[in-house]
Amino acid sequence: MESVKDLDPDIYALVKQEERRQAEKIRMIASENYVSQAVLQTTGSVLTNKYSEGYAGKRYYEGQQIIDQVELIAIQRAKDLFGAEHVNVQPYSGSPANIATYLAFLNPGDTILGMALPHGGHLTHGAHVSISGRYFDAQSYELDSATGLLNYDSIREKALAVRPKILIAGHSAYPRILDFPRFREIADEVGALLMVDMAHFAGLVAGGVHPSPIPYADVVTTTTHKSLRGPRGAMILCKEKYAQAIDKAVFPGVQGGPHDNTTAAIAVALKEANSDSFRQYAAQVVKNAKTLANALMAKGFTLITNGTDNHLMLVDLTNKDISGKKAAKALDKAGIVINYNAIPFDKRKPFDPSGIRMGTPALTSRGFKEQEMLVVSDFIGEVIADPENEGHLLRIAKDVKALCRNFPAPGLEHIQ
Ligand code: DSN
């Protein structure tokens, strides 16, 4: 970073501060991770200088001798890793990938059916503040009020009632595995396309510890930077018969030139993900989440669905007499970074809801295992027991820092 230091000391200083923050805190935002040095370097490569609207062999700019090869490698690696018939690696991120999927198959006003945002769905699954809710007739299904689980009979009933053109499966905050064969059945019964947004659990699918949606879905969208541990980007994986519609929707439908540096970094991340060490990583992410969930429940925390099958958990803090936001702020002071989150049927407002969401992809990347998860659960229990005692929170932050020092994060090994 020497040239940044010379040219722009302000930004240099902030990048260094962020490096330290990421090195010294236990990062448990379920959608975040630490990418490898190789992914960081590729993201920062000269490929950022290139424009390449179009697809390999059919570009609108010359000078694609290298970029075409990069994009074809990324596509092939994604096909190999996930067993997909067709892959588009150009979406800038998850939201454009989802919007491109709608553009490929829908007209304004058509009906989509996805998981309600306050129940764990994503903004782009039809939330009214999103383009997906404003330009389409966005219908939603909710979780079962008694169990906090998806109720496939009621999803079916809703689908029969609203007849969506696209049925969306996928979430940002659901701690259980999705039943893709059942979603497929429902989609077939109502004549809908099945779209699965696997952004959160793509790394678990790649690592073989979560069922794959690929055999069941018409279209699968995913970001590349969550549990998959790549650069900030996205992919759309689909059946060959939808290849042209998807490619046209991404470019020129929604986007201009792809970010070729990101495409190359996606290729690197996919190579990393197709390895035994990544498969072990994915398995450890789930073991860590289960260990933490059990330890928290043993301390009297209420977990939505009483646990987790994947990389995340949703804690209902109602019985702890603290709001999600207050808890998130106290945990941050103590060096544990999470986000406040609505719980299903939350009585509180989204900006200060009753829950917190926690995930294990990032801390597993730095080498935390079951033993460390028990320590983390102790930290969390201590913070929530006394969230306004600044001295106590700062003492925990010191312990967090000491623990983190023993587990250098990928890409941040130089921070002492
Ligand atoms: N914002 C992401 C998350 O935190 O889950 C989803 O895109």
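Would it be correct to say that GLY230 is within 15 Å of the ligand (Cβ to nearest atom), outside any loop (DSSP other than H, G, I, E, B), in contact with a helix residue (DSSP H, G or I) (Cβ under 8 Å, 6 or more places away or on another chain) and at pLDDT 95 or above? Can you show your working first?
Details: within 15 Å of the ligand (Cβ to nearest atom): yes; outside any loop (DSSP other than H, G, I, E, B): no; in contact with a helix residue (DSSP H, G or I) (Cβ under 8 Å, 6 or more places away or on another chain): yes; at pLDDT 95 or above: yes.
Considered against the rule, which asks whether it is within 15 Å of the ligand (Cβ to nearest atom), outside any loop (DSSP other than H, G, I, E, B), in contact with a helix residue (DSSP H, G or I) (Cβ under 8 Å, 6 or more places away or on another chain) and at pLDDT 95 or above, GLY230 comes out as no.
Of all residues in segment 141-199, how many are of a type in the set (Val, Ile, Thr), more than 26 Å from HIS225 (Cβ to Cβ) and open to solvent by 10 Å² or more (accessible area, probe 1.4 Å)? Walk me through it before giving the result.
Step one: filter segment 141-199 for residues of a type in the set (Val, Ile, Thr), giving 147, 155, 162, 166, 168, 177, 186, 190, 196.
Keeping just the survivors that are more than 26 Å from HIS225 (Cβ to Cβ) gives 147, 155, 162, 186, 190.
The next check asks that each one be open to solvent by 10 Å² or more (accessible area, probe 1.4 Å); those that pass are 147, 162, 190.
Residues in segment 141-199 being of a type in the set (Val, Ile, Thr), more than 26 Å from HIS225 (Cβ to Cβ) and open to solvent by 10 Å² or more (accessible area, probe 1.4 Å): 3 in total.
Condition first: in a loop (DSSP other than H, G, I, E, B) and among the hydrophobic types (A, V, I, L, M, F, W, C). Now tell me which residues in segment 293-315 satisfy that.
First pass over segment 293-315, keeping only residues in a loop (DSSP other than H, G, I, E, B): 299-301, 307-311.
The one that is in a loop (DSSP other than H, G, I, E, B) and among the hydrophobic types (A, V, I, L, M, F, W, C): PHE301.
Inside segment 18-37, can you point out the residues that are open to solvent by less than 50 Å² (accessible area, probe 1.4 Å), over 11 Å from MET358 (Cβ atoms) and not in a loop (DSSP other than H, G, I, E, B)?
Across segment 18-37, the qualifying residues are GLU19, GLN22, ALA23, GLU24.
Filter segment 2-56 down to the residues that are in contact with a helix residue (DSSP H, G or I) (Cβ under 6 Å, 6 or more places away or on another chain) and among the hydrophobic types (A, V, I, L, M, F, W, C), then identify the one that is nearest to GLU71 (Cα to Cα).
Going through the qualifying residues, I end up with ALA56.
Output the residues belonging to segment 211-227 that are more than 13 Å from the ligand (Cβ to nearest atom) and either among the basic types (Lys, Arg) or open to solvent by 10 Å² or more (accessible area, probe 1.4 Å) (or both).
Start the filter on segment 211-227 by keeping residues that are more than 13 Å from the ligand (Cβ to nearest atom), which leaves 211-220.
Result: PRO211, SER212, ILE214, PRO215, TYR216, ASP218.
How many residues does segment 321-343 contain that are within 16 Å of the ligand (Cβ to nearest atom) and in a loop (DSSP other than H, G, I, E, B)?
3
So which residues in segment 134-161 are outside any loop (DSSP other than H, G, I, E, B), touching a strand residue (DSSP E or B) at 6+ places or on another chain (Cβ under 9 Å) and not acidic (Asp, Glu)?
ALA138, GLN139, SER140, TYR141, LEU143, LEU150, SER154, ILE155, LYS158, ALA159, ALA161
In segment 55-87, how many residues are farther than 17 Å from ASN261 by Cβ and not in a helix (DSSP H, G or I)?
Qualifying residue count for the region: 10.
Name the residue that is nearest to the chain's Cα centre (by Cα), counting only residues in segment 152-197 that are acidic (Asp, Glu) and away from the ligand (no atom under 16 Å from the Cβ). Write out each step before concluding.
Here is the first cut: in segment 152-197, the ones acidic (Asp, Glu) are 153, 157, 179, 185, 188-189, 197.
Restricting the remaining residues to those that are away from the ligand (no atom under 16 Å from the Cβ) gives 153, 157, 179, 185, 188-189.
Numbers: ASP153: 27, GLU157: 29, ASP179: 19, GLU185: 26, ASP188: 27, GLU189: 29 Å.
Filtering segment 152-197 for residues that are acidic (Asp, Glu) and away from the ligand (no atom under 16 Å from the Cβ), the one nearest to the chain's Cα centre (by Cα) comes out as ASP179.
The values are calculated or read from the model by the stated rules, or taken from the named source; none is laboratory data. All figures in this text were calculated on a predicted structure; none of them were measured in a lab. Neighbour counts run over all protein chains shown; Cβ positions are idealised from the backbone, glycine included. Just so you know, the surface numbers come from the protein's heavy atoms only, side chains and all, with ligands and any DNA or RNA stripped out. Shrake-Rupley method; radii C 1.70, N 1.55, O 1.52, S 1.80 Å.
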